[in-house]
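Engineer: I'd like to ask you about the structure that follows.
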Amino acid sequence: MMKFTWRKARKILSNIITTVLFINLIIMAVLVISSKASGGEPQVFGYQLKAVLSGSMEPTFLTGSIIAVTSLEGNEKKNLREGDVITFVDSKERLITHRVIGIKTSGEHVMYETKGDNNNAADLDPVLSDNVQAVYSGFTIPYAGYFIDFAQSKEGSAILLIGPGLLLLAYAAFSIYQGLKELDPKKRKTDIDTEEKPT
């Protein structure tokens, strides 16, 4: 009875490990492929995932967090409000995520005054609405940004796609080996019983 219980538990554990490895492989593939397809951050369910690698927005976003942002198009860029957290391109072609603290309108042009929550002063240059790319959706995963940053590198893409696959193959090979090992004693017992059976 004990042997049967242990065998059943081992089978359940084996199924759980296989499922986790398989899900991990799928998630890695989705993140890496979507990252390459978009030419930047990966996209999931219509949201862009961005890594926060500076402390300018702490404590709202901890350094190393992942935030989900919604891409903006056309007039959506002109309809933002004070308090919104936006991702924009600055004069040095860098992507920055800061909070809107002021709005200036001049004819058809809309300019946003921005500031990092952890910064003492507002950003030097106002942000033209055309340079706004996305707005923060409210979803954050602390400390997972380092992983996304690594996944975007060539080495990271290769490791994250190949690594889980190799683990899955290795575990499958181990499971097959264990299965054959269990069958062998049964085969030997059958052979002995056949030999001992009187003719």
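Engineer: So how far apart, in nm, are the two label points at Asn79 and Gln178 if each is 7 Å from Cα heading toward Cβ?
Structural biologist: 5.6
Engineer: Along the stretch 64-71, what does the Karplus equation 6.51 cos²θ - 1.76 cosθ + 1.60 (θ = phi - 60°) give for ³J(HN,Hα), rounded to whole Hz, x for Gly and Pro?
Structural biologist: x, 7, 10, 10, 9, 10, 9, 5
Engineer: For a protection proxy built on the mean count of beta-carbon atoms within 10 angstrom, sort 52-64, 97-109 highest first, please.
Structural biologist: Output ranking for 52-64, 97-109: 52-64, 97-109.
Engineer: As an exercise, use a Förster radius of 22 Å and the Cβ-Cβ distance of Val89 and Ala121 to find the FRET efficiency, rounded to the nearest 0.05.
Structural biologist: On the way: r = 20 Å, r/R0 = 0.93.
The calculated FRET efficiency here is 0.60.
Engineer: Nearest 0.05, what FRET efficiency do Ile16 and Thr140 give at R0 = 30 Å with Cβ-Cβ as r?
Structural biologist: Once the sixth-power term is evaluated, E becomes 0.55.
Rule-based calculations on the coordinates, nothing more; no lab input. Keep in mind the model is a prediction, meaning the values are calculated, not measured. Note that we place each Cβ from the backbone using ideal geometry, even for glycine, and neighbour counts take in every protein chain shown.
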